[in-house]
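Before any comments, here is the structure.
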Amino acid sequence: MVDRNVVRRGYDELRGTYEAERAGDDRGNTILDEFLDSIATPARILDVGCGPGVPVLRKLRTEATAFGVDLSREQLNVAAANVSEAAYVQGEMTRLPLRDDACDAIIAFHSLIHVPLEDHGTAIDEFARVLRPGGRVLLSEGPDEWCGTNSDWLESGVEMQWNIAGADATRDQLRAAGFTITDEWGTAGTFADNDEQWLFVAATLEA
């Protein structure tokens, strides 16, 4: 099971290294652009697990009101320097520090995968709670269930942990929370030390 303290400490220590890693996700950036183009403006957009604010918050148009939530205080500090116009708060996605119906869209890029498997459904329920009816979510997942630890992630000497629910479980959790899946993209990428396929899923909260 993922230890949240290990994840938080890892991202605190990786504040510079992870920014370069996240910014280099070309295929993910293309999918993100397509998703953002589908959001009517003005919009309130939440980046869950925002990390250094790259790429999501940096891409938002001026008409958007941007919020970033992350477990790591150090990552939030980097994000605030990168995208000063967004609002930031430290917190967990299983207990988002926002009111009901606060957002028009949520993006969770490579962040749900750091939540313990048994809490993935709770996190997606939280996405539904803070989205307005008809709001949209874009998240990334691995294709199959996988749990693992890397003691030298990004060759940094820093430990990181993952709990991947897999595509089928994620689809079921989205539907159970009241979402209708509208789009899916599969893309080749590198996860941990193995070549995998990232799955990106867009869904709309039923009105």
Exercise for review: Compare the Cα positions of A177, A123, A66 along the charge dipole of the stretch 65-207 (+1 at Cβ of Lys, Arg; -1 at Cβ of Asp, Glu; about the Cα centre) and return the one farthest towards the positive end.
Suggested key: A66
Practice item. Mind giving me the FRET efficiency for T30 and R4? R0 is 25 Å, r the Cβ-Cβ distance, nearest 0.05 is fine. Key: 0.20
Check your understanding: Using 1/(1 + (r/R0)^6) with R0 = 22 angstrom and r between the beta carbons of E63 and R175, what's the FRET efficiency to the nearest 0.05?
Key -> 0.10
Revision key, fill the gap. From the Cα centre of the stretch 6-25 to that of the stretch 132-148, the distance in Å is 20
Point to revise | Spacing of the two label points (7 Å from each Cα toward its C-beta) at R95 and N77, in nm | key: 2.4
**Study point:** Net charge over other residues, Cβ less than 12 angstrom from the Cβ of A66 (K, R count +1; D, E count -1)
**Key:** 0
Review point. For the stretch 49-165, what is the percent of antiparallel DSSP beta bridges, rounded to the nearest 5?
Key: 40
Check your understanding: Is the stretch 4-205 rounded, prolate or oblate when judged by the Cα gyration tensor, a ≥ b ≥ c being the square roots of its eigenvalues, rounded requiring a/c under 1.5 and prolate requiring a/b larger than b/c?
Key -> rounded
Review point. Residues with beta-carbon under 12 Å from that of V2, excluding V2: net charge, scoring Lys, Arg +1 and Asp, Glu -1?
Key: -3
Practice item. May I ask you to compute the full-extension gain from D12 to E85, defined as 0.36 nm times their residue separation minus their alpha-carbon distance, rounded to one decimal in nm? Key: 24.1 nm
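Bear in mind that the values in this text are calculations on the coordinates, not laboratory data. Given the structure is predicted, the values throughout are model-derived calculations rather than measurements. Positions of Cβ are backbone-derived with ideal geometry, glycine not excepted, and every protein chain shown enters the neighbour counts.
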